[in-house]
Amino acid sequence: MSYTAQDFKKGQPRWCPGCGDHFFLASLHKAMAEIGVAPENVAVISGIGCSSRLPHYMATYGMNTIHGRAAAIATGAKVANPNLTVWQVSGDGDGLAIGGNHFIHANRRNIDLNMILLNNRIYGLTKGQYSPTSPRGFVSKSSPYGTVEDPFRPAELCFGARGHFFARCVATDAKGTVEVLKAAYEHKGASVTEVLQNCVIFNDHCHDVVYNNEGRKKNAIYVRHGEKLVFGENNEFGLVQQGFGLKVVEIGKDGYTIDDVLVHDAHCEDNTLQLKLAMMTPEDGFPIALGVIRDVDAPTYNDAVHAQLAEVSAQKKYHNFEELLETNDIWEVK
């Protein structure tokens, strides 16, 4: 069967007008339609927060769980029913603060989950406290004089937990978002997609450098496996290796040609270059990397668990409760 985005829609979203969640939800509906998995074979599981209302607007199975526990519930659902396509949706607070431990272990175990991290660098539902991704010095209701700590970088956390898939998109970029969501689904194992979005009430403009098409042309690079790492309004800039790091060059100047520009390898098991791409920021003179940054095959936890169960069961003399009883002495009372 073929599906349309309408087949996955339900209810009336109750987010603030202009919230990035609206943009992402529309892209998720479209991506699911293009993926083609029937709504009854999909579960969308969230924690607590503005973004965690998302399962209410999906015509699939869904569960709005408790704070920080979306990955734990999603793990149980996938292991219990490996044929279920599971999408886990969390905000930066829900996913990386109280849910941070579940986040790293879901990646380490490589459970076949599609993990979405909606990153607006703020606690929105509780009215504007700084989050684990808020930058140093950020002024909020819980840091009136500015934070005195450095933030998590989601890619760095994912890679450090031995994650095998990491992608990034911008909520207002529908085409780019649908593209990475489809790639996340195709990846077998834990996939993490970071979605950059503004909170129009408590942290507006936090991703403005890439929030519109013009900004992305100047401040972002779309990375695609097997393609040159070029960017700019006319692809006039490229990334080259300089020592153990990266350097932005203008192609055709200072002796640099297109041949000097690096080719993106999302499938390389060594994540050194992928991490450098994921960590680039305009503040350091680099574009923000968008697209699939890392996509490496590895055994999944859920497959390994079911393979182990089958192997152990095959070696047992019993396979159900009745057979178990018959393995011991039996007597009948009349």
Exercise. Say we look at segment 120-175 and pick out the residues that are of a type in the set (Lys, Arg) and closer than 19 Å to residue 275 by Cβ; which of these is farthest from the chain's Cα centre (by Cα)?
Worked result: 162
For this session: Please name all residue pairs, on different chains or six or more residues apart, with Cβ atoms under 6 Å, provided the first residue is in segment 12-41 and is open to solvent by less than 70 Å² (accessible area, probe 1.4 Å) and the second residue is among the acidic types (Asp, Glu).
Result: 15/21
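Hey, does segment 137-147 have a residue that's aliphatic (A, V, I, L, M), open to solvent by 30 Å² or more (accessible area, probe 1.4 Å) and free of Cβ contacts under 8 Å to residues at least 24 places away in the same chain?
The first filter runs over segment 137-147 and keeps only residues aliphatic (A, V, I, L, M), leaving 139.
Among the residues that remain, those that are also open to solvent by 30 Å² or more (accessible area, probe 1.4 Å) are: 139.
If we keep only those that are free of Cβ contacts under 8 Å to residues at least 24 places away in the same chain too, we end up with 139.
Scanning segment 137-147, I find at least one residue that is aliphatic (A, V, I, L, M), open to solvent by 30 Å² or more (accessible area, probe 1.4 Å) and free of Cβ contacts under 8 Å to residues at least 24 places away in the same chain, so the answer is yes.
Could you count how many residues in segment 236-258 are part of a loop (DSSP other than H, G, I, E, B) and in contact with a strand residue (DSSP E or B) (Cβ under 8 Å, 6 or more places away or on another chain)?
So in segment 236-258, the residues part of a loop (DSSP other than H, G, I, E, B) come out as 236, 243-244, 251-257.
Within this subset, residues satisfying the condition of being in contact with a strand residue (DSSP E or B) (Cβ under 8 Å, 6 or more places away or on another chain) are 236, 251, 256.
Within segment 236-258, residues that are part of a loop (DSSP other than H, G, I, E, B) and in contact with a strand residue (DSSP E or B) (Cβ under 8 Å, 6 or more places away or on another chain) number 3.
For every residue, the table says whether it meets (1) under 27 Å from residue 295 (Cα atoms); (2) open to solvent by less than 10 Å² (accessible area, probe 1.4 Å); (3) in contact with an Asp or Glu (Cβ under 9 Å, 6 or more places away or on another chain); (4) not in a helix (DSSP H, G or I).
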| residue | (1), (2), (3), (4) |
| --- | --- |
| 63 | no, no, no, yes |
| 75 | yes, no, no, no |
| 94 | yes, yes, no, no |
| 107 | yes, yes, no, no |
| 117 | yes, yes, yes, yes |
| 127 | no, no, no, yes |
Exercise. List, please: which pairs have Cβ atoms under 9 Å, are six or more places apart or on different chains, and start with a residue in segment 196-211 that is more than 17 Å from residue 139 (Cβ to Cβ) and end with one that is of a type in the set (Phe, Trp, Tyr) and open to solvent by less than 70 Å² (accessible area, probe 1.4 Å)?
Worked result: 196/211; 197/24; 197/211
For this session: Among the candidates 214, 269, 233, single out the residue that is within 30 Å of residue 18 (Cβ to Cβ), open to solvent by 50 Å² or more (accessible area, probe 1.4 Å) and assigned to a loop (DSSP other than H, G, I, E, B).
Result: 233
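The values are calculated or read from the model by the stated rules, or taken from the named source; none is laboratory data. In this text the structure is predicted, and so the values were computed from the model without any measurement. With ideal geometry, Cβ positions are generated from the backbone for all residues, glycine too; neighbour counts draw on all protein chains shown. Protein only, heavy atoms only, side chains kept; ligands, DNA and RNA dropped before computing areas. Shrake-Rupley method; radii C 1.70, N 1.55, O 1.52, S 1.80 Å.
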